[in-house]
Structure formats: C-alpha cells, structure tokens
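Asker: For reference, the structure I am asking about is given below.
The values are calculated or read from the model by the stated rules, or taken from the named source; none is laboratory data. Model, not experiment: these values are computed from the prediction. Cβ sites come from the backbone with ideal geometry, for glycine too, and all protein chains shown count toward neighbours. When the accessible area is computed, the model is the full protein with side chains, heavy atoms only, and any ligands, DNA or RNA have been set aside. Shrake-Rupley method; radii C 1.70, N 1.55, O 1.52, S 1.80 Å.
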Amino acid sequence: MFLTRDEEKLLERGDGVSKCMEIVVSLGEIFDADRLIPISSAHVSGVSYQNIGDEGLDWLRSLNVKFKVRTTLNPCGVDLDRWREMGIDESFFKKQMEVLRVFEGMGAELTLTCTPYYIYKPKFGDHIAWSESSAVVYANSVLGAMTNMESGISALASAVIGKTPYYGLHIKENREPSVLVEVKCDFDPSMLGCKVGREVDGIPIFKFKRKLEDFELKLLGAGLASTGNIPLFHVLGQTPEWRDFEIPREKVVFDSFDLKEGCDPDLIVLGCPHLSRDEILRVYQIVKDLGRARREIWLFTSRRVYEDLRDVVSYLEDRGLIFFRDTCIVVSPVRFRCIMTNSGKALTYLPKLRGIDVVYGSFEECVLKAFEL
Ligand code: F3S
C-alpha cells in the first residue's frame, strides 16, 4: 500500500499513534487497499466495561492518543444517572466511568448511542470509519455515506490517524446490489431483516409495496447486519443510491412470514437500536389513553433524543414506562429470564451473548403487552 512520507513518519514514532497507524496499515494490506483516504468522522464501539473488561481498559490507557476527527461513542454498560435503577453494582459503575474518562481524554463525544446519526448526519458520499453494525448499515444505506463495517479497534485507530484504507464500501462499484428482494406480504422490518440476513448473500436491493418510514429502514438494517453481517442495502425508489446501479438479475420473493411463539416475558424492551424521536412519539400515541403500565417496560434512547422530548418522556415515565440513556439491553450486565422485543438484533444477541430467552412482538404489541396483566 502506498504511504506518503508523513504517513510513514507516523509508523516510526514508537508511541500510541504508531500503534494506531500499524492497525490501519495492516487492515489496508489485508484488504489490498492501494492508499489511505481522509475520513470526516468515526464512531467507536466496545465502550461497555462488560465487553472490554480490565484488559481493554488497560489497552485504551496505554495508547495515550487524541482523536483527529469527530468521534462518537456507542452505548456503555450503564445509564450514567440511573444505574442503580438498572440493578448495576457500584464496582461496575466505577469501572465504566474509568473507561469513559479515558475516551473523553482522547477527545470523544460521550454520545453513548448506537444512533449517532440522530445527533449529526454524515453527508452523502462522506468517507467515515464507523463501527456498530446497525449504525454502519444505516449510514451506508439511508444516508449514502461510505464506511466499511469497522471493529471498535479499527474505528478508534482511524479516528486517531484521521484516515482509513481505501477498499470495500469506500469504492462506488463495490456498493452495487447483487440480489433483488421483492416483498409481497405485510412484514415487520426487524424480522424481515433477520430473515434476509440469514437467507440471502450479498448486497440486497428491496422492492416494497410502499415507502418505508425512517425507523423501519433502521430496524431492517439492524436485522440484516445482525444475522447476515450485511453492511448496505438499497430500496427501489427510496434510498439515495438506488438509481446508480442496474437492477440485479438474481431475485428472491418473500410472500409470507412465520413468527414463532416464545416465553412469557418478565421484561419488555424497545430501543435496539436506540429509539428515534418519531418512535417515542409513536409510543405516546399508543399509550395515551391506557392508564399505567402493569408490566416492566424499558425504553432505550440517546441522551440527546431524551432531552429533546422531555415533556413527552415525563408523561410516559409518569405512566410507569422506564427510560434509560447511554446504554442498551445487550451491553449492560442486567439479568432477566425472558425479554420481549421488536428488535431483530436483540433477538439474535440476547440468547447468544447473555443466555436470556427472547420473544418477538411488533412495536405496538410490545407497548400493549406492558399494559396487560
Ligand atoms: Fe444499539 Fe445495543 Fe441494539 S448498541 S443496536 S441497542 S445491541
């Protein structure tokens, strides 16, 4: 891979910047990139102490570096104010705060959300280095920004260098769809994403009977990424790059969905990925005449969205719905027997990573379940 003299010098410093440069260069060599290109932002996952532990914390400290570009952070393991209400113990909270202080020292924005695009939106065609699969697929597909599916470490290294190797989805030709997915039935976007992720290879371009709303595109992408590691999709007539390519000849048709019964939930969860303003307003519309929640329901969102909708959120909290910011159900160390959720990503990861049973419900079903006895 070609490196400029200035880039080569970064490798020779023998400090944390050199380590980051080594990571970026190794990645470029593995994927046969011919050079590095500048990025406008980075989004770093691997923030929860639950995931990185003491080893990760020590590694972060050892770097002693500053970020060169705007860098946002994925959820951590706790709500910074309400961690006791989540049942988190004090030693975990203190360790989590140490991790956040190190990131803050590097210059990260403590956004602590997997939906950084609700705080600022990269522009069409921007080269970025994002980790967090649900954010990557949204940035590529819905915004038309260009990022590979980075790991937390490679996104961090790119944030320090301000550059990423030029390969994969940074190159326009590699963003071409390879399979047309025609959906003829009613569908839930999370479930559809999980199913297509499991059954279809390559970059899909969807044909739907109607236009999808923003939250549906978000949930579709999160499902695709969680079961199929798919970093980009297109939607005919809707997403920003759909006109730029030929329609693929390979075609898959979905005309029905089976949704299996599951366990009886001791917790209902919405907000994986974190809830948008529109989704919180939808919850309000559903519950406004229903009295008080009778089952435990947790809603996860970013601090920014929570603050923007302060009045609506207070109304919902008065009715027994519980909001958490900064964290999420998968990366926090909470314990439950069975969780009901509309999130394909949570349905995929909670049993695998946390040994928690899951049951699917649509957005409305999840909210209404909280008001059943
Ligand atoms: Fe976000 Fe956590 Fe789900 S990071 S996508 S809420 S698993």
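Asker: Give the residue that is farthest from the chain's Cα centre (by Cα), with candidates limited to residues of segment 18-58 that are in a helix (DSSP H, G or I) and of a type in the set (Gly, Ala, Ser).
Answerer: So the residue we want is 18.
Asker: I'm told residue 276 meets every condition in (1) outside the structural domain of residue 295 (by TED's automatic domain parsing); (2) within 16 Å of the ligand (Cβ to nearest atom); (3) at negative phi except one. Can you identify the failing condition by its number?
Answerer: (1)
Asker: Related question: Please work out which one of (1) at pLDDT 95 or above; (2) part of a helix (DSSP H, G or I); (3) over 25 Å from residue 116 (Cβ atoms) is the condition residue 177 fails and give its number.
Answerer: Exception for residue 177: condition (2).
Asker: Quickly run through segment 84-96 and pick out the residues that are out of contact with any strand residue (DSSP E or B) (no Cβ under 8 Å at 6 or more places or on another chain) and surrounded by 15 or more Cβ atoms within 10 Å (Cβ to Cβ).
Answerer: Selection gives 88, 92, 93, 95.
Asker: Please indicate, with yes or no, whether at least one residue in segment 322-338 is within 22 Å of residue 263 (Cα to Cα), more than 14 Å from the ligand (Cβ to nearest atom) and open to solvent by less than 20 Å² (accessible area, probe 1.4 Å).
Answerer: Taking every residue of segment 322-338 in turn, at least one turns out to be within 22 Å of residue 263 (Cα to Cα), more than 14 Å from the ligand (Cβ to nearest atom) and open to solvent by less than 20 Å² (accessible area, probe 1.4 Å).
Matching residues to (1) under 15 Å from residue 333 (Cβ atoms); (2) within 22 Å of the chain's Cα centre (by Cα):
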| position | (1), (2) |
| --- | --- |
| 89 | yes, no |
| 96 | yes, yes |
| 99 | yes, yes |
| 104 | no, yes |
| 109 | no, yes |
| 117 | no, yes |
| 123 | no, yes |
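Asker: Just checking, does segment 49-66 include any residue being in contact with a His (Cβ under 6 Å, 6 or more places away or on another chain) and at pLDDT 95 or above?
Answerer: No, segment 49-66 contains no residue that is in contact with a His (Cβ under 6 Å, 6 or more places away or on another chain) and at pLDDT 95 or above.
Asker: Limited to segment 105-123, what total is found for residues that are touching a strand residue (DSSP E or B) at 6+ places or on another chain (Cβ under 9 Å) and surrounded by fewer than 21 Cβ atoms within 10 Å (Cβ to Cβ)?
Answerer: Qualifying residue count for the region: 6.
Asker: Pull out all pairs, ordered by first then second residue, where Cβ-Cβ is under 6 Å, the residues are six or more apart or on different chains, the first lies in segment 317-344 and is of a type in the set (D, E, K, R), and the second is within 11 Å of the ligand (Cβ to nearest atom).
Answerer: Within 6 Å, the pairs are 326/76; 326/112.
Asker: While we're on this one: What pairs can you find where one residue is in segment 71-98 and touching a residue at least 24 places away in the same chain (Cβ under 8 Å), the other is of a type in the set (Val, Ile, Thr) and assigned to a helix (DSSP H, G or I), and their Cβ atoms are less than 8 Å apart, with a gap of 6+ or different chains?
Answerer: Listed pairs, sorted by first residue: 76/99.
Asker: I'd like the full set of residues that are touching a strand residue (DSSP E or B) at 6+ places or on another chain (Cβ under 7 Å), surrounded by fewer than 21 Cβ atoms within 10 Å (Cβ to Cβ) and more than 12 Å from residue 370 (Cα to Cα), limited to segment 285-303.
Answerer: 303
Asker: Another question about this same structure. Which of the following residues is within 16 Å of the ligand (Cβ to nearest atom) and acidic (Asp, Glu): 6, 32, 54, 79?
Answerer: Numbers: 6 fails: within 16 Å of the ligand (Cβ to nearest atom); 32 fails: within 16 Å of the ligand (Cβ to nearest atom); 54 fails: within 16 Å of the ligand (Cβ to nearest atom).
Step by step, each of 6, 32, 54, 79 is checked, and only 79 is within 16 Å of the ligand (Cβ to nearest atom) and acidic (Asp, Glu).
Asker: Give the residue that is farthest from residue 92 (Cα to Cα), with candidates limited to residues of segment 339-373 that are open to solvent by 60 Å² or more (accessible area, probe 1.4 Å) and under 19 Å from the mean Cα position of the chain (by Cα).
Answerer: If we take residues in segment 339-373 being open to solvent by 60 Å² or more (accessible area, probe 1.4 Å) and under 19 Å from the mean Cα position of the chain (by Cα), then 352 is farthest from residue 92 (Cα to Cα).
Asker: Quick one: is residue 8 charged (D, E, K, R), under 27 Å from the mean Cα position of the chain (by Cα) and not in a loop (DSSP other than H, G, I, E, B)?
Answerer: no
Asker: Further, regarding this structure: Restricting attention to segment 92-122, which residues are closer than 10 Å to residue 49 by Cβ and more than 16 Å from the ligand (Cβ to nearest atom)?
Answerer: Matches in segment 92-122: 92, 93, 94, 95, 97, 98.
Asker: I've got another one for you. Within segment 313-344, can you find the residues that are closer than 23 Å to residue 48 by Cβ and assigned to a helix (DSSP H, G or I)?
Answerer: 344
Asker: Give segment 32-71 a look and list any residue that's within 16 Å of residue 17 (Cβ to Cβ), of a type in the set (Lys, Arg) and buried (at least 16 other Cβ atoms within 10 Å of the Cβ), or say none.
Answerer: 68
Asker: Of the residues that make up segment 304-315, is at least one in contact (Cβ under 8 Å) with a residue 40 or more places away in the chain, within 23 Å of residue 217 (Cα to Cα), surrounded by 18 or more Cβ atoms within 10 Å (Cβ to Cβ) and within 16 Å of the ligand (Cβ to nearest atom)?
Answerer: There is at least one residue in segment 304-315 that is in contact (Cβ under 8 Å) with a residue 40 or more places away in the chain, within 23 Å of residue 217 (Cα to Cα), surrounded by 18 or more Cβ atoms within 10 Å (Cβ to Cβ) and within 16 Å of the ligand (Cβ to nearest atom).
Asker: Which residues, taken from segment 183-203, are more than 19 Å from residue 349 (Cβ to Cβ) and open to solvent by less than 30 Å² (accessible area, probe 1.4 Å)?
Answerer: 183, 185, 200, 203
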